[in-house]
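Worksheet: one structure, shown below.
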Amino acid sequence: MTKKKPLVVVTRKLPAVVETRMRELFDARLNIDDTPMSQAALVEAVKTADVLVPTVTDRIDAGIIAQAGDQLRLIANFGNGVDNIDVTSAVQRGITVTNTPGVLTDDTADMTIALILAVARRIAEGARVIPDDEWAGWSPTWMLGRRITGKRLGIVGMGRIGQAVARRAAAFGLSIHYHNRRRLDARIEEKLDATYWDSLDQMLARMDIVSVNCPHTPATYHLLSARRLKLMKPDAILVNTARGEIVDETALARMLEAGELAGAGLDVFESEPAVNPRLLRLARQHRIVVLPHMGSATHEGRADMGEKVIVNIKTFMDGHKPPDRVLPSML
Ligand SMILES: O=CC(=O)O
């Protein structure tokens, strides 16, 4: 007798290679036209699916989880961050949660470095000049940015992505500093040539560039609060490729407007896809660089994320512990 295939509801369109494999392995309900699901549609999905595959754009909160049918056993997130899911509620209801760590580390670290360079060297602003027909020729005093060689980079959150940023940044001659819940193993710290700051406040006050690379959890919400942002040097720049909620955006906008911070590179925002109007104004004035949450957006990365989702579902359905299980204690 063949086993019934699990009903897997996927909330967004995924790369073709991933969808093809999902169709082979599961009773896959795919989102062909990629319209984000309403909360009502998500409720419908959790009432019928054995497995839900959400993404960062779906809010799987306690209210949705409370309406899940008994058949829902697994939420296999297509994404690394799980702040879109109420993991505690899910686990209390006996639903396993998985994510896709590791496969987007390098891409997100690359984007972090790209934003550091874009802000410091005014790349996005400069890239407009020729297409906009505004180039009057080279000048000794025009389009001057900031040198990054020899500057101090402070990494907030030294997990996989933070460490990948550190390895890249070292090649640009930046000195590496970090703050993390736990200090790294001495061997890793030495290999990265990274200086640990127990006090985030003290680190922020001394850095030329600050990069946010920690997950968004209740403990990191507005970790970079108005008070902490004020500790940064006025000529410093802030880069965030993690989650918008970690930075108080209103305070950040106020400081940039007042010239109390030199610049910012943001790939993530508190209320995506809406962007704080003050940040939008600063972006239009070329005072900051904003990207539409592209950190993990490579063909390879998204295919790898899909592969991880499939392995997690398959392993779980075969009766084993999935490799990327997320527990509330990890958050
Ligand atoms: O932001 C994307 C992710 O967390 O995977």
(message) Which residue fluctuates most in the GNM of the chain (Cα springs below 10 Å): LEU104, LEU74, LEU25?
(response) LEU25
(request) Considering Cα pairs under 8 angstrom that are at least six residues apart, work out the relative contact order of the stretch 137-225 and quote it in whole percent. (result) 35 percent
(request) Two decimals is fine: what's Rg over Rh for the stretch 57-128, C-alpha atoms, Kirkwood radius as Rh? (result) 1.24
(request) Report the dimensions of the stretch 250-308 along its three principal axes from the alpha-carbon atoms, largest first, rounded to Å. (result) 46, 20, 17
(request) May I ask for log10 I(q)/I(0) of the chain at q = 0.08, 0.09, 0.11, 0.12 Å⁻¹, from a Debye sum over the Cα atoms as equal point scatterers with solvent left out? (result) -0.42, -0.52, -0.76, -0.88
(request) Could you give the size of the charge dipole of the stretch 112-230 about its Cα centre, using +1 on the Cβ of each K and R and -1 on the Cβ of each D and E, expressed in debye and rounded to the nearest 20? (result) 380 debye
(message) Please give me the summed charge of the neighbours of HIS286: other residues whose Cβ is under 10 Å from its Cβ, Lys and Arg +1, Asp and Glu -1.
(response) +3
(request) Please give the calculated 222 nm ellipticity per residue for the chain, where each DSSP H segment of at least 4 residues contributes -39500 (n - 2.57) and the sum is spread over every residue; nearest 500 deg cm²/dmol? (result) -10500 deg cm²/dmol
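If I take every Cα pair under 8 Å that is 6 or more residues apart in the stretch 28-111, average their sequence separation and divide by the length, what percent do I get for the relative contact order? Don't jump to the answer; show the numbers that get you there.
Working: 113 pairs, mean separation 22.0, N = 84.
26 percent.
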(message) Two decimals, Cα atoms only, Kirkwood Rh: what is Rg/Rh over the stretch 196-236?
(response) 0.95
(request) In square nanometres and to one decimal, what's the mean projected area of the convex hull around the Cα atoms of the stretch 104-290? (result) 11.0 nm²
(request) Quick one: plug the Kirkwood hydrodynamic radius of the stretch 205-331 (C-alpha pairs) into Stokes-Einstein at 10 °C, 1.306 mPa s, and report D in µm²/s. (result) 97 µm²/s
(request) State which entries of LYS13/LYS314; LYS191/LYS321; LYS191/LYS314; LYS151/LYS308; LYS5/LYS308 exceed 27 angstrom in Cα-Cα distance in the structure shown. (result) LYS191/LYS321; LYS191/LYS314; LYS151/LYS308
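Expressed in nm², what is the orientationally averaged projection area of the convex hull enclosing the Cα positions of the stretch 1-159?
Working: hull surface 58.4 nm².
Mean orientational projected area (the stretch 1-159, Cα hull): 14.6 nm².
FYI, it's all coordinate maths here, none of it is from the lab. Since the model is a prediction, treat every value here as computed from it, not as a measurement. Glycine also receives a Cβ, built like all others from the backbone with ideal geometry; neighbour counts cover every protein chain displayed.
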